[in-house]
Amino acid sequence: MYSIEKKPDALLVDYRLPARMKNKIESFGIEIVETVAHPNLYEAVKGHPDLMGCPLKNITIIEPYLYSKKYKDFERFSTQIGATLIEKKYPNHIKYNVATFGRHALGYFKYVDKAIVSVLESLKISLINTNQGYSKCSTLILDSNNLVTSDISIFKAINEIYGMNIAMINSGDIILEGFEYGFIGGASSLIDNKKVAFMGSLEHYNNGKAIINVLNSLEIDAVFLANSKLQDYGSMVPLYLK
């Protein structure tokens with residue numbers, strides 16, 4: 001999940017995202033670019049965009065294997081190839097799983113791809129380090145100062161050190177096939193600076209009312225891509241035309 005300053009021209013989505021969800025996204029004038037199955041990822045997450053792409057302002061860093069398979073798509077957008085391939089064993093598949101918001105970036109930076117770190121440093125973005133390798137998956141970012149998470153380490157880092165507004169929710173109740181549950185960041189994505197798309201409906205989520213209250217207080221609209229329980233397909237990654 002990323003904070004964005006303007007509506008993206010396209011979104012990188014899991015190639016398995018249901019057609020009804022893709023059609024709903026396209027109805028907002030946003031192009032869909034699909035991932036491919038990555039051979040170095042577990043079955044459940046082998047198409048997750050937030051494990052293969054990381055947007056940094058108007059440029060998006062793309063993992064080398066995915067870029068090689070979809071270069072005809074990516075060459076139209078402001079993208080850069082990452083420095084390293086992801087690998088199956090944790091923590092070597094979290095290299096691109098960084099959440100960015102305002103002048104901050106959240107990640108397990110010991111293992112983050114060096115191309116991402118280089119761009120962040122050049123932009124003078126402050127790095128908030130956490131031992132939660134799935135920082136992006138675990139965090140619903142609403143804007144540069146408002147976040148939601150179910151991870152206590154992320155909550156403490158953001159709230160206690162940086163004093164930002166971060167709401168703590170319960171974990172669970174999000175579908176991720178092959179795992180006990182998925183994550184709120186992986187089941188949602190900003191599609192405009194005042195619009196969040198959910199891969200399912202908050203009406204079928206045990207933390208739904210709490211999140212809706214936060215959205216209403218910030219005058220941010222919720223877009224439900226399906227009338228079903230939330231499902232973690234990985235955070236959709238914004239792409240901007242050159």
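The values are calculated or read from the model by the stated rules, or taken from the named source; none is laboratory data. No experiment lies behind these values; they were computed from the predicted model shown. Note: ideal-geometry Cβ built from the backbone for every residue, glycine included; neighbour counts use all protein chains shown. Areas reflect the complete protein model, heavy atoms only, side chains present, ligands, DNA and RNA absent. Shrake-Rupley method; radii C 1.70, N 1.55, O 1.52, S 1.80 Å.
Helix-only estimate, please: 222 nm mean residue ellipticity of the chain, summing -39500 (n - 2.57) across DSSP H runs of length 4 or more and dividing by its residues, to the nearest 500.
Values: 5 runs with 44 residues, N = 242.
After summing the helix terms and dividing by the residues of the chain, the value is -5000 deg cm²/dmol.
Which whole-Hz ³J(HN,Hα) couplings does segment 192-205 yield from phi under the Karplus relation 6.51 cos²θ - 1.76 cosθ + 1.60, θ = phi - 60°, glycine and proline marked x?
Listing the rounded values in order: 6, 6, 10, 8, 10, 9, 10, 7, x, 10, 5, 5, 10, 10 Hz.
Roughly how many debye, to the nearest 20, is the charge dipole of segment 142-202 about its Cα centre, given +1 on each Lys and Arg Cβ, -1 on each Asp and Glu Cβ, and no other charges? If you can, show how the numbers build up before the last one.
Values: 3 positive and 7 negative charges, 43 e Å.
Charge dipole of segment 142-202: 200 debye, to the nearest 20.
Please state the charge dipole magnitude for segment 36-141, taken about the Cα centre, from unit charges on C-beta atoms (+1 on K and R, -1 on D and E), reported in debye and rounded to the nearest 20.
80 debye
Structure shown: which of Lys24/Lys57; Lys89/Lys110; Lys57/Lys242; Lys46/Lys110; Lys22/Lys88 lie over 18 Å apart, alpha-carbon to alpha-carbon?
Check vs 18 Å cut-off fails for Lys24/Lys57; Lys46/Lys110; Lys22/Lys88.
Counting Lys and Arg as +1 and Asp and Glu as -1, each charge on the Cβ, what is the dipole of the chain about the Cα centre in debye, to the nearest 20?
Here the size comes out at about 420 debye.
Just to check I understand the Karplus step: with θ = phi - 60° and J = 6.51 cos²θ - 1.76 cosθ + 1.60, what whole-Hz values come out for segment 144-152, glycine and proline as x?
Each residue's phi maps through the Karplus curve to give 5, 9, 9, 9, 9, 8, 10, 9, 5 Hz.
Working with all protein chains in place, sort Tyr65, Tyr233 by solvent-accessible area computed with a 1.4 Å probe, largest first.
Details: Tyr65 60, Tyr233 30 Å².
My answer, sorted largest first, is Tyr65, Tyr233.
Want the number for Ser153 to Ser171: 0.36 nm per residue separation, take away the alpha-carbon distance, what's left? Don't jump to the answer; show the numbers that get you there.
Values: separation 18, 0.36 × 18 = 6.48 nm, distance 1.32 nm.
Result: 5.2 nm gained on full extension.
Which percent of the accessible heavy-atom area of the chain goes to carbon and sulfur, probe 1.4 angstrom? Please report the intermediate quantities before stating the final value.
On the way: 4930 of 10100 Å².
Taking all protein chains in place, the chain shows 49 percent carbon and sulfur surface.
Mind listing the phi-derived Karplus ³J(HN,Hα) values for segment 134-141, rounded to whole Hz, using 6.51, -1.76 and 1.60 with θ = phi - 60°, and x for any glycine or proline?
Using θ = phi - 60°, the values come out as 9, 4, 6, 4, 8, 10, 9, 9 Hz.
Whose amide H sits under 5 Å from the amide H of Ser228, counting only residues 5 or more places off or on another chain, with H placed in the peptide plane?
Ser201
Ordering Thr79, Thr149 from largest to smallest accessible area (1.4 angstrom probe), what's the sequence? Could you put the intermediate results ahead of the total?
Values: Thr79 30, Thr149 0 Å².
Sorted descending by solvent-accessible area, the residues read Thr79, Thr149.
Between Asn206 and Asn131, how many nm apart are label points set 7 Å from Cα along the C-beta direction?
2.6 nm
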